[in-house]
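Novice: Please see the structure below; I have some questions.
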Amino acid sequence: QVQVVESGGGLVQPGGSLRLSCAASGSIFRPYVTGWYRQAPGKQRELVAHITSGGGTYYADSVKGRFTISRDNAKNTVYLQMNSLKPEDTAVYYCSRSQGSQAYWGQGTQVTVSS
């Protein structure tokens, strides 16, 4: 089994920054793709960014230039650096690690952007 745990959410003012972490443990192997998703109240879950074990990245248009995804394979951790945060970034952020034919999800971490 694979365990995925997110951390780093919180309350931040507009224009502020947060860094989310996604730590994986258990029966993990490469290659993998780890994605950050978010779900705001009343909205569907959406992909924010993802990164492959080889370092390839993808960003949703809404976060390009503001968010940066990175990985530390030695720590089995993926990060999401979020800068210039906007109220519309408020959501529960989920991490998902896909390896083989399985996807493993974390419990989510709340990000609230408000003055």
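The values are calculated or read from the model by the stated rules, or taken from the named source; none is laboratory data. Just so we're clear, the structure is a prediction, and the values are computed from it rather than from any experiment. In this analysis, Cβ positions are derived from the backbone assuming ideal geometry, glycine residues included, and neighbour counts consider all displayed protein chains. Only protein heavy atoms, including side chains, enter the accessible area calculation; ligands, DNA and RNA are left aside. Shrake-Rupley method; radii C 1.70, N 1.55, O 1.52, S 1.80 Å.
Novice: Can you confirm whether region 33-51 contains a residue that is buried (at least 17 other Cβ atoms within 10 Å of the Cβ) and not in a strand (DSSP E or B)?
Specialist: No, there is no match, as no residue in region 33-51 is buried (at least 17 other Cβ atoms within 10 Å of the Cβ) and not in a strand (DSSP E or B).
Let's see how each residue does on (1) in contact with a helix residue (DSSP H, G or I) (Cβ under 9 Å, 6 or more places away or on another chain); (2) under 15 Å from Thr112 (Cα atoms); (3) in contact (Cβ under 8 Å) with a residue 60 or more places away in the chain; (4) polar (S, T, N, Q):
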| site | (1), (2), (3), (4) |
| --- | --- |
| Val2 | no, no, yes, no |
| Ser7 | no, yes, yes, yes |
| Leu11 | no, yes, yes, no |
| Pro14 | yes, yes, yes, no |
| Arg38 | yes, yes, yes, no |
| Pro41 | no, yes, no, no |
| Lys64 | no, no, no, no |
| Lys75 | no, no, no, no |
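Novice: Just name the residue that is most open to solvent (accessible area, probe 1.4 Å) out of those in region 19-32 that are over 12 Å from Tyr93 (Cα atoms) and modelled with pLDDT of 95 or more.
Specialist: Step by step, filter region 19-32, then rank; the result is Ala23.
Novice: Which of (1) at negative phi; (2) surrounded by fewer than 16 Cβ atoms within 10 Å (Cβ to Cβ) does Gly10 not meet, given it meets every other one?
Specialist: Of (1) at negative phi; (2) surrounded by fewer than 16 Cβ atoms within 10 Å (Cβ to Cβ), only one is false for Gly10: (1).
Here's the yes/no breakdown for (1) charged (D, E, K, R); (2) under 13 Å from Gly8 (Cβ atoms); (3) within 11 Å of the chain's Cα centre (by Cα):
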{"position": "Leu47", "(1), (2), (3)": "no, no, yes"}
{"position": "Ala74", "(1), (2), (3)": "no, no, no"}
{"position": "Gln81", "(1), (2), (3)": "no, yes, yes"}
{"position": "Lys86", "(1), (2), (3)": "yes, no, no"}
{"position": "Ala91", "(1), (2), (3)": "no, no, no"}
{"position": "Cys95", "(1), (2), (3)": "no, yes, yes"}
{"position": "Ser98", "(1), (2), (3)": "no, no, no"}
{"position": "Tyr104", "(1), (2), (3)": "no, no, no"}
{"position": "Gly108", "(1), (2), (3)": "no, yes, yes"}
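Novice: Further, regarding this structure: Modelled with pLDDT of 95 or more, assigned to a loop (DSSP other than H, G, I, E, B), open to solvent by less than 60 Å² (accessible area, probe 1.4 Å) and of a type outside the set (A, V, I, L, M), is that true of Gly16?
Specialist: Against the criterion (modelled with pLDDT of 95 or more, assigned to a loop (DSSP other than H, G, I, E, B), open to solvent by less than 60 Å² (accessible area, probe 1.4 Å) and of a type outside the set (A, V, I, L, M)), Gly16 qualifies.
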